[in-house]
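Here the structure is laid out as structure tokens; the discussion comes afterwards.
The values are calculated or read from the model by the stated rules, or taken from the named source; none is laboratory data. Bear in mind that the values here come from a model prediction, so they are computed numbers and not experimental data. As a convention, Cβ positions derive from the backbone with ideal geometry for all residues, glycine included, and neighbour counts pool all protein chains shown. These accessible areas exclude ligands, DNA and RNA; they are computed on the full protein's heavy atoms, side chains included. Shrake-Rupley method; radii C 1.70, N 1.55, O 1.52, S 1.80 Å.
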Amino acid sequence: MQKTVLILGGSGRVGRATARLFGEAGWKVRLYDRHNQSMVEAAQGCQVIVNGMNPQNYHDWANQVPGITAQVIEAAQSAGATVIIPGNVYHFGSAGGVWSERTASNPVSRKGQIRLDMERAYRKSGVQTIVLRAGNFIDPIELQCVMGLIYLRAIKKGQITLPGPALVRQAMCLVEDWARAALALAEKRSELAQFEDVPLPGQTMTGQDLRQTLEGITGRSYRFVSFPWWLFRLTGPFWELAREMNEMRYLFETDHALCGQRLSELLPDFRATPFRDVLEQVATNSVFQAGSRSDLGLAKA
């Protein structure tokens with residue numbers, strides 16, 4: 001019998017990658033249309049729901065995230081479906097290190113607490129839930145991600161923009177790697193616990209790693225410049241995104257990586273794409289030739 005997956009947020013980077021890979025693996029892929037159907041209706045007959053819905057630019061998370069969570073739980077309960085969500089690292093706080101499913105939660109931001117409350121709601125719901133946890137996603141095709149909008153925002157001028165210290169590790173993840181892992185976990189969901197917290201190490205990097213690897217790929221030299229946090233401080237009182245970004249600045253200054261032990265236990269054959277291979281994909285993007293101003297509305301560096 002053909003398996004069916006419901007993709008929430010099918011137009012986003014997680015939704016697009018996941019829909020493609022599930023479809024290639026023989027699953028029937030159903031994209032949720034929030035304008036023309038209820039989520040409960042859309043979930044009927046689905047074995048898995050991938051929740052790729054996320055309010056853009058952190059808009060109104062305090063209200064929207066709990067609302068989406070309640071909808072997903074109701075839909076999964078009605079269909080008897082497993083939910084897979086892209087977890088993040090916000091709830092770990094500002095104490096650096098290698099974070100795992102055993103690391104204590106200590107959110108230091110409102111968004112960290114919102115995400116922690118979201119995960120607790122899934123855990124209490126009785127719905128089988130897989131939190132596949134990753135750092136900032138890398139989308140080489142569109143680069144509408146932290147890699148493109150921050151680190152590479154001035155790359156055409158030979159600059160790598162640093163939002164924090166050059167030697168501080170940051171957890172990153174190629175979006176296709178996340179989708180591959182999600183598919184593999186969905187295939188073995190019957191073997192998993194009711195609630196699974198699975199960190200995906202992805203491509204941990206520092207700014208220095210990024211510069212050295214890009215220089216090796218392109219043959220060009222790049223210099224570091226600082227991200228204009230001063231602009232976000234000035235505009236924060238009347239610009240929602242600036243306020244939300246300011247709150248997350250600590251994460252770019254916190255040295256961290258994700259532990260892959262649980263992932264290896266569940267998916268021993270899974271291998272993340274090497275960092276150089278990811279950057280080779282990134283380097284084919286037009287931002288390296290024509291340049292691109294980010295949709296953050298930033299003044300040029």
Name the residues of the stretch 15-33 whose amide N is less than 16 Å from a point 7 angstrom out from the Cα of Lys3 along the C-beta direction? 18-30
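Could you tally the net charge around Thr82, taking each other residue with its Cβ under 12 Å from the Cβ of Thr82, Lys/Arg +1 and Asp/Glu -1?
Details: positive: Lys3, Lys188, Arg189; negative: Glu187, Glu191, Glu196.
Here the charged neighbours net out to 0.
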In order through the stretch 137-146: 3J(HN,Hα) via Karplus (6.51 cos²θ - 1.76 cosθ + 1.60), integer Hz, x for Gly, Pro: 6, 10, 10, x, 6, 9, 6, 8, 8, 4
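Calculate, for the chain, the solvent-accessible area per residue in square angstrom, rolling a 1.4 angstrom probe over the heavy atoms of the protein chains.
Working: 13080 Å² over 301 residues.
With the other protein chains kept in place, the chain gives 43 Å² per residue.
Based on the Cβ-Cβ distance of Phe224 and Arg271, what FRET efficiency does E = 1/(1 + (r/R0)^6) give at R0 = 35 Å, to the nearest 0.05? Present the calculation step by step, with values, prior to reporting the outcome.
Details: r = 30 Å, r/R0 = 0.87.
E(calc), rounded to 0.05, equals 0.70.
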Report the calculated FRET efficiency for Thr235 and Glu101 (r = Cβ-Cβ distance, R0 = 41 Å), to the nearest 0.05. 0.65
Under Karplus coefficients 6.51, -1.76 and 1.60, residue-wise ³J(HN,Hα) of the stretch 13-24 in Hz, glycine/proline x: 5, 5, x, 5, 5, 5, 4, 5, 6, 4, x, 5
Under the rule of at least 5 residues apart or a separate chain, name every residue whose amide H is placed under 5 Å from the amide H of Leu162. Val225, Ser226, Phe227
Cα radius of gyration and Dmax for the chain (Å): 19.1, 57
Determine the order of Thr213, Thr204 by accessible area, beginning with the largest, at a probe radius of 1.4 Å. Thr204, Thr213
Amide hydrogen neighbours beyond the local backbone of Ile49, cut-off 5 Å, H modeled: Leu6, Thr82, Val83, Ile84
In whole Å, what are the Cα extents of the stretch 46-190 along the three principal axes, biggest one first? 53, 32, 29
Which residue, chosen from Ile85, Ser100, Leu116, occupies the Cα position most advanced towards the positive end of the dipole of the stretch 16-163, where the dipole is computed from +1 (Lys, Arg) and -1 (Asp, Glu) charges on Cβ about the Cα centre? Ser100
On alpha-carbon atoms, Rg over Rh for the stretch 1-122 using Kirkwood Rh? 1.00
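Which sequence of Met245, Met53, Met1 reflects their accessible areas, 1.4 Å probe, from the largest down? Display every interim value, and only then the final one.
Values: Met245 20, Met53 45, Met1 210 Å².
Largest accessible area first, the list is Met1, Met53, Met245.
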Just report the Cα centroid separation between the stretch 9-74 and the stretch 101-129, whole Å. 19
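Could you please state how large a percent of the accessible area of the chain is carbon and sulfur, counting protein chains only and using a 1.4 Å probe? Intermediate values should be presented prior to the final figure.
Working: 6300 of 13080 Å².
Using a 1.4 Å probe with all protein chains present, the chain comes out at 48 percent carbon and sulfur.
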Rounded to the nearest Å, what's the spacing between the alpha carbon centres of the stretch 256-284 and the stretch 138-213? Just the number, please. 9
Karplus couplings for the stretch 189-199 from phi (6.51 cos²θ - 1.76 cosθ + 1.60, θ = phi - 60°), rounded to Hz, Gly and Pro as x? 4, 5, 8, 9, 6, 4, 10, 10, 10, 10, x
For Lys188, counting only lysines whose alpha-carbon sits under 24 Å away and dropping same-chain residues fewer than eight positions off, the answer is Lys3, Lys28, Lys124
Let me cross-check Val29: its accessible surface, 1.4 Å probe, with only protein heavy atoms counted, in Å² to the nearest 10? 50
Only Cα pairs under 8 Å and at least 6 apart count here; give the relative contact order of the chain as a rounded whole percent. 20
With all protein chains present, calculate the accessible area of Ser100 using a 1.4 Å probe and round the result to the nearest 10 Å². 10
Cross-link reach list, lysines versus Lys157, counting only Cα pairs under 20 Å and skipping chain neighbours closer than eight places: Lys300
